[in-house]
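One structure is given here, and the rest of the page talks about it.
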Amino acid sequence: MSFSVRAESDHPIHISVAEWRYNAERNSLECAIKLFTDDLELALTTRNGDSRWNLATDDQIPNADRYIYDYLSQTVRVNQENTQLTMKWVGAEYNMDAVWCYFEILQFNASAAFEFTNSTFLEVYPDQTNVNHFYVGEESSSFVTNKDDREKTIKLINE
Amino acid sequence: MSKFELYLKLGTEHILDINGLDHLIFMLAIASVFSIANWKKLLIMVTAFTLGHSLTLVLAALHVVSVNMELVETLIPITILLTSLVNLWKKGREQHTIVLYILMVLFGLIHGLGFSNYFGELVAGDQDLILALFSFNLGIEVAQILVVLSILIIHIIFEKIFSVKRESWILFMNGGVFFLALSMIIG
């Protein structure tokens, strides 16, 4: 039986969770984004006009990673000093309920301010809430992006 | 913002969500039979509900429970329907308080199940799980208190200014809740 988290729910709350972690050893900003599988399929369908995704099943479309990367590179962006930083695709983990997508930004300057945008799924759900946790060691701070507020300016390390 | 603020906010939004009216109309039914003089009992009712609700969320976050959503989504409006029926029948007469508190915990458990898969996914892997659970449930409690307080105030306004009798108020509120719950079950 296929199982969708909120298919029958009276609470169709739309949310994604992104965990951003500064890796001081590698001087990189690592990003793990968790997206509900049904939301992701809807967004991919809306973008590509195709609906044969079958994510996390035996019939999963070939190159699913590619489609997801193309989509997320439109919705998740990091800018520092007026330059868009390259988010390198690391991979994805597919589960029936949720898909985890992994990126990293190499040679990241943690002591300079940067802007990040996370407008994932806002084009399909106006009530989408994207939660972003930023971790530096044990410290964390959290930011919500939504239709009213797609972009945040933050600084991870104050010197 | 801190994680505490974040989950507190998400908890209140969960209750005040205009797309998920089940919580609001349940609180409507619960608060309709109370007057401001009985606020302590109402507060215990609300807190008992939050306790039940948070217990299922804890179990969900620890991946102890796995839920048949269709069953839960039918059970939730049934609890609302039953509450409105009991209110219409009792018309605000004194009821066994302990029984009510236990029922509220039970209903809280059921309502929590409707949200448990989502919540489990929201906090899965979060290293501050206990903080997340605490602040999310605190958010739920705060929002519910705001809701029942608003209903008590509206009740006072209707009673004092429009001279609406208590029985008419209970009939009006629970009649509305009954039909809303019924439409949730059928629809």
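With every protein chain left in place, what is the accessible area of A:Arg66 in Å² (1.4 Å probe, nearest 10)?
Roughly 140 Å² of A:Arg66 is accessible to a 1.4 Å probe.
Most mobile of A:Val78, A:Val144, A:Val136 per a Gaussian network model of chain A (Cα springs, under 10 Å)?
Residue with maximal mean-square fluctuation among A:Val78, A:Val144, A:Val136: A:Val136.
Rounded to whole Hz and in sequence order, give me ³J(HN,Hα) for segment A:50-56 from the Karplus expression 6.51 cos²θ - 1.76 cosθ + 1.60, θ = phi - 60°, writing x for Gly and Pro.
Values, residue by residue: 10, 9, 8, 8, 6, 4, 6 Hz.
What is the interface area between chains B and A, defined as buried accessible area summed over both chains with a 1.4 Å probe, reported in Å² to the nearest 100?
2300 Å²
How far apart, in nm, are the 7 Å Cα→Cβ label points at B:Glu70 and A:Arg26?
4.4 nm
If I take every Cα pair under 8 Å that is 6 or more residues apart in segment A:76-127, average their sequence separation and divide by the length, what percent do I get for the relative contact order? Working shown, then result.
Values: 57 pairs, mean separation 21.2, N = 52.
Taking the mean separation of contacting Cα pairs over the length of segment A:76-127, I get 41 percent.
Taking only the Cα atoms of the protein assembly as shown, how large is their convex hull per residue, in Å³?
Here the figure is 162 Å³ per residue.
What are the ³J(HN,Hα) values, in whole Hz, obtained from phi via the Karplus relation 6.51 cos²θ - 1.76 cosθ + 1.60 with θ = phi - 60°, for each residue of segment B:55-65 in sequence order, with x given for Gly and Pro?
3J(HN,Hα) across segment B:55-65, in whole Hz: 4, 5, 5, 4, 4, 5, 5, 8, 6, 7, 9.
Under 5 Å between amide H atoms, partner at least 5 residues away or on a different chain: which partners does A:Leu85 have, H built in plane at 1.01 Å?
The list, which skips near neighbours in sequence, is A:Val78, A:Asn79, A:Gln80.
Taking a 1.4 Å probe, which of A:Glu41, B:Glu167, A:Glu138 shows the most accessible area, and what order do the others take after it?
A:Glu138, B:Glu167, A:Glu41
With angles folded into 0 to 90 degrees, how steeply does helix A:37-48 sit against the dominant principal axis of chain A? Use alpha carbons for both and round to 10.
Between the helix axis and the principal axis of chain A, the angle is about 90 degrees.
Report the percentage of all Cα-Cα pairs in segment A:27-72 whose separation exceeds 15 Å, rounded to a whole percent.
In whole percent, the share of Cα-Cα pairs in segment A:27-72 beyond 15 Å is 44.
Taking only protein heavy atoms and a 1.4 Å probe, what accessible area per residue, in Å², does the protein assembly as shown have with all protein chains in place?
48 Å²
Going by accessible area, probe 1.4 Å, with all protein chains left in place, what is the ranking of B:Lys160, A:Lys34, A:Lys88, largest first?
Order by accessible area, largest first: B:Lys160, A:Lys88, A:Lys34.
Cα convex hull of chain B: how many Å³ per residue?
Cα-based convex hull of chain B, divided per residue, equals 118 Å³.
Rounded to the nearest percent, how much of the accessible area of the protein assembly as shown (1.4 Å probe, protein heavy atoms only) is carbon and sulfur?
59 percent
Using label points projected 7 Å from each Cα along Cα→Cβ, tell me how many nm separate A:Glu151 and A:Thr83, to one decimal.
Placing both labels 7 Å beyond Cα along the Cβ direction yields 1.8 nm.
At a probe size of 1.4 Å, how large is the accessible area of B:Thr47, to the nearest 10 Å²?
50 Å²
Accessible area, 1.4 Å probe, largest first: how do B:Ile44, B:Ile170, A:Ile157 sort?
B:Ile44, A:Ile157, B:Ile170
Over chain A, what is the mean sequence separation of C-alpha contacts under 8 Å (at least six apart), divided by residue count, expressed as relative contact order in percent?
28 percent
Accessible surface of B:Lys40 in the full protein assembly, 1.4 angstrom probe, to the nearest 10 Å²?
Rounded to the nearest 10, that gives 130 Å².
Between segment A:58-113 and segment B:101-162, what is the separation of their alpha carbon centroids in Å?
Between the Cα centre of segment A:58-113 and that of segment B:101-162, the gap is 35 Å.
The values are calculated or read from the model by the stated rules, or taken from the named source; none is laboratory data. Values in this document were obtained by computation on a predicted structure and should not be read as measured data. Every residue, glycine as well, gets a Cβ built from its backbone with ideal geometry; the counts of neighbours run over all protein chains shown. Please note that ligands, DNA and RNA were not included when accessible areas were found on the heavy atoms of the full protein model with its side chains. Shrake-Rupley method; radii C 1.70, N 1.55, O 1.52, S 1.80 Å.
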